[in-house]
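Here is the structure we will look at, set down as structure tokens.
What follows draws every value from the coordinates through simple rules; no lab data is involved. Please read these numbers as outputs of a predicted model, since none were measured by experiment. Cβ atoms come from the backbone with ideal geometry, glycine included; neighbour counts cover every protein chain shown.
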Amino acid sequence: MTDEIWDRTLDVNLKGVFLCCRAVIPGMKERKYGKIVNISSVLALRGSAYYAHYGATKAGVVAFTQGLAVELGPHNINVNAIGPGVIDTPMAAHDVAPELRQRLQKRIPLRRIGAPRDIANAVLFLVSDEASYITGQCLYVCGGLSAEAGLT
């Protein structure tokens with residue numbers, strides 16, 4: 001791993017979340033209301049060969065989300081994260097070879113790759129009034145992959 005890859009991954013995945021949150025928090029504090037949903041990954045939970053840098057940043061997103069939730073709760077601002085599993089996106093198509101995709105699909109308890117709509121629906125729930133008492137959480141939208149121990 002080069003320094004450039006490490007730095008870019010931190011800049012995009014962790015510093016990007018920080019900058020976006022910093023931009024919206026003052027207005028939310030002023031209104032005494034807000035909903036923030038950051039994007040983490042199922043890789044925040046466990047290591048994966050060749051993705052240590054990615055998993056580290058996504059675990060950082062979860063910790064950052066939790067810290068902000070504690071800090072911003074008194075301002076009536078909910079801060080949560082979504083931890084996608086394997087989702088059918090251009091990034092996954094580029095990073096996941098077809099044979100790996102088939103192996104992953106067999107490991108996912110729901111036996112399918114997620115769709116972008118699955119993530120969108122989770123975000124919609126977290127920003128809805130139905131989630132008004134949820135803060136500081138990471139909702140893993142991964143077809144059950146986060147529950148799989150990987151022993152078989």
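Tell me whether region 107-122 contains one or more residues that are within 18 Å of ALA147 (Cβ to Cβ), of a type in the set (Lys, Arg) and under 15 Å from the mean Cα position of the chain (by Cα).
No: zero hits.
Filter region 1-49 down to the residues that are touching a Gly at 6+ places or on another chain (Cβ under 9 Å), under 24 Å from LEU104 (Cα atoms) and not polar (S, T, N, Q), then identify the one that is surrounded by the fewest Cβ atoms within 10 Å (Cβ to Cβ). Even if it seems obvious, please write down each step before you answer.
First, pick out the residues of region 1-49 that are touching a Gly at 6+ places or on another chain (Cβ under 9 Å): 10, 13-14, 17, 24-25, 27-28, 34, 39-48.
Still in the running and under 24 Å from LEU104 (Cα atoms): 13, 39-48.
Subsequent filtering for residues that are not polar (S, T, N, Q) retains 39, 42-47.
Details: ILE39: 17, VAL42: 22, LEU43: 22, ALA44: 21, LEU45: 19, ARG46: 13, GLY47: 10.
Here the residue is GLY47.
So, restricting to helices (runs of 4 or more DSSP H) that lie completely within region 82-152, which ones have at least 2 residues that are of a type in the set (Lys, Arg) and surrounded by 11 or more Cβ atoms within 10 Å (Cβ to Cβ)?
Passing ranges, in order: 98-107.
If PHE64 passes every condition in (1) in contact with a His (Cβ under 6 Å, 6 or more places away or on another chain); (2) closer than 23 Å to SER128 by Cα but one, which one does it miss?
Single failed check for PHE64: (1).
Residue-wise test of (1) in contact with a helix residue (DSSP H, G or I) (Cβ under 9 Å, 6 or more places away or on another chain); (2) under 22 Å from ASN13 (Cβ atoms).
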{"site": "GLY85", "(1), (2)": "yes, yes"}
{"site": "PRO90", "(1), (2)": "no, yes"}
{"site": "GLN102", "(1), (2)": "no, no"}
{"site": "PRO109", "(1), (2)": "yes, no"}
{"site": "ALA120", "(1), (2)": "no, yes"}
{"site": "LEU126", "(1), (2)": "no, yes"}
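Identify the residue in region 103-152 that is without any contact (Cβ under 8 Å) to a residue 40 or more places away in the chain and of a type in the set (D, E, K, R) and, among all such residues, is nearest to GLY83 (Cα to Cα).
ASP118
Take ALA52 and decide whether it is among the small types (Gly, Ala, Ser) and surrounded by 18 or more Cβ atoms within 10 Å (Cβ to Cβ).
Working: among the small types (Gly, Ala, Ser): yes; surrounded by 18 or more Cβ atoms within 10 Å (Cβ to Cβ): no.
Against the criterion (among the small types (Gly, Ala, Ser) and surrounded by 18 or more Cβ atoms within 10 Å (Cβ to Cβ)), ALA52 does not qualify.
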